[in-house]
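*Asks:* Sharing a structure below in C-alpha cells format, with a few things to ask.
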Amino acid sequence: MSSAAVWHEVECGGYTADLAVWEALADPVDGPVLELGCGTGRVGLHLARRGCEVWAVDADPSLLEALAARAAAERLAVHATCADIRALELDREFGLIVAPMQLLQMLGGGAGRRAALDRAAAHLAPAGRVAAGIVEPAAASLDGPAAALPDLRERDGWVYSSLPVAVGSTGGGVEIRRLRQSVSPDGSLSQEVHTDRLDPLDANALEAEAASAGLRPAGRLEVAPADGYLGSVVVILEGP
Ligand SMILES: C[S@@+](CC[C@H](N)C(=O)[O-])C[C@H]1O[C@@H](n2cnc3c(N)ncnc32)[C@H](O)[C@@H]1O
C-alpha cells in the first residue's frame with residue numbers, strides 16, 4: 001500500500017458519522033450509484049456491502065489500488081475508475097452521485113467546482129440526485145478536534161498515528177493541521193505536520209453555483225461533529 005493510501009486510511013478510514021446519510025440516499029436508488037473522490041473506498045465499499053452497484057472515481061491510482069484490493073478480498077463488485085472528476089467521461093448515468101468528505105472544497109476553487117458539478121450533472125439519470133458533503137467555515141472550531149484522540153493504524157509492523165492539532169478558518173476557507181507520526185518496526189519515530197486546506201464554501205453558495213449546471217436544491221442533511229471530525233452539511237441537488 002502506498003504512503004498516500006496508508007495516511008488516507010489512518011485519517012479517513014475510521015470516520016463513520018456520515019455513513020447513515022449515504023445509506024439513506026442510496027438505499028432507495030434503483031441502479032448504479034457513483035462516488036466521486038472515493039479514496040480507498042470507505043463509503044463506496046460500505047454501500048456495496050448493502051447491495052448497491054457502486055462506481056467509484058478517484059484521481060489517485062494508489063488509492064484505487066487499495067480500494068480494488070479491499071473489494072476483491074470481500075468479493076464486492078465495485079467499478080473503480082481513475083479520472084479527474086472535473087473532466088469525467090463515463091459512458092453511463094446514475095440515479096445518485098455522491099461526493100463525501102468535502103471533495104468539492106478540494107478542487108482548486110470555484111472554477112474546478114463548477115466543472116465538477118457540470119460533469120456530475122452530465123452523468124445524472126432522469127430524476128437523479130447529486131449529494132455533496134461540505135464543511136462550512138463557520139463550523140470549523142478547535143474544540144472538538146483539539147480534544148480528539150489520534151487516529152491509529154498498524155500495518156506490517158509499522159504504527160501510524162495522526163492527531164488533529166489545529167483547525168480554523170483561514171482566507172475564508174478551513175485549514176486542518178495534523179501531527180502525523182509513524183513508528184517503524186525497530187522503534188524509530190518519524191513525524192511531520194500535515195496541512196489540508198478546504199476552499200471557502202457554504203451550502204447557500206453551493207446551491208447557487210449548482211444552478212449553472214442545471215441542478216436545483218433538493219434538501220440538506222446535517223452530519224454532527226464526532227470523534228475529532230468537524231460537522232458537515234450534505235447538500236442535495238436534483239437534475240432537470
Ligand atoms: C477527503 S477524501 C474522501 C475519500 C472518500 N470519499 C471518503 O469519504 O472516505 C477526497 C478524495 O478525493 C480525491 N480527489 C481530489 N481531487 C480529485 C479530483 N479532481 N478528481 C478525482 N478525485 C479527486 C482524493 O484523491 C481523495 O481520495
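*Asks:* Distances over 33 Å make up what percent of all Cα-Cα pairs in the chain?
*Replies:* Details: 4381 of 28680 pairs.
Result for the distance tail: 15 percent.
*Asks:* Using the Cα atoms of the stretch 138-198 to build a convex hull, what is its mean projected area in square nanometres? Could you put the intermediate results ahead of the total?
*Replies:* Numbers: hull surface 17.9 nm².
Directional mean of the projected Cα hull area for the stretch 138-198 stands at 4.5 nm².
*Asks:* A further question on this structure: Where does the chain land at 222 nm, in deg cm²/dmol rounded to the nearest 500, when only DSSP H runs of n ≥ 4 count, each adding -39500 (n - 2.57), divided by all residues?
*Replies:* Details: 7 runs with 65 residues, N = 240.
It lands at -7500 deg cm²/dmol.
*Asks:* While we're here: Kindly rank 181-187, 102-108 from highest to lowest mean number of other beta carbons found within 10 Å of each residue. Could the numbers behind the result be given before it?
*Replies:* Details: 181-187: 12.3, 102-108: 20.0.
Top of the packing list down: 102-108, 181-187.
*Asks:* State, to one decimal in nm, how far the label point of Glu222 lies from the label point of Ala17, with both points 7 Å from Cα in the Cβ direction.
*Replies:* 1.2
*Asks:* Among the GluC sites (Glu not before Pro) within the stretch 45-128, which fall in a DSSP loop and have no more than 10 other Cβ atoms within 10 Å of their own Cβ?
*Replies:* On the way: sites: Glu53, Glu65, Glu74, Glu89, Glu93; in loops: Glu53, Glu74, Glu89, Glu93.
Passing both the DSSP loop test and the Cβ count: Glu89.
*Asks:* What's the carbon and sulfur percent of the chain's accessible surface, probe 1.4 angstrom, rounded to a whole number? Could the numbers behind the result be given before it?
*Replies:* On the way: 5590 of 10870 Å².
Taking all protein chains in place, the chain shows 51 percent carbon and sulfur surface.
*Asks:* List the residues, sorted by chain then number, that are 5 or more residues from Gly95 or on another chain and whose placed amide H is less than 5 Å from its amide H.
*Replies:* Amide H to amide H, under 5 Å and 5 or more residues apart or across chains, Gly95 pairs with Ala125.
*Asks:* So how far apart, in nm, are the two label points at Ala4 and Arg49 if each is 7 Å from Cα heading toward Cβ?
*Replies:* So the label points at Ala4 and Arg49 sit 2.5 nm apart.
*Asks:* Averaged per residue, what accessible surface does the chain expose to a 1.4 Å probe, in Å²?
*Replies:* Numbers: 10870 Å² over 240 residues.
Averaged over the residues of the chain, the accessible area is 45 Å².
*Asks:* Using a 1.4 Å probe, how large is the accessible area of Thr16, given in Å² and rounded to the nearest 10?
*Replies:* Result for Thr16: roughly 90 Å² accessible.
The values are calculated or read from the model by the stated rules, or taken from the named source; none is laboratory data. Model, not experiment: these values are computed from the prediction. Glycine gets a Cβ as well: all are built from the backbone with ideal geometry, and neighbour counts include every protein chain shown. Surface areas here come from the heavy atoms of the whole protein model, side chains and all, with no ligands, DNA or RNA. Shrake-Rupley method; radii C 1.70, N 1.55, O 1.52, S 1.80 Å.
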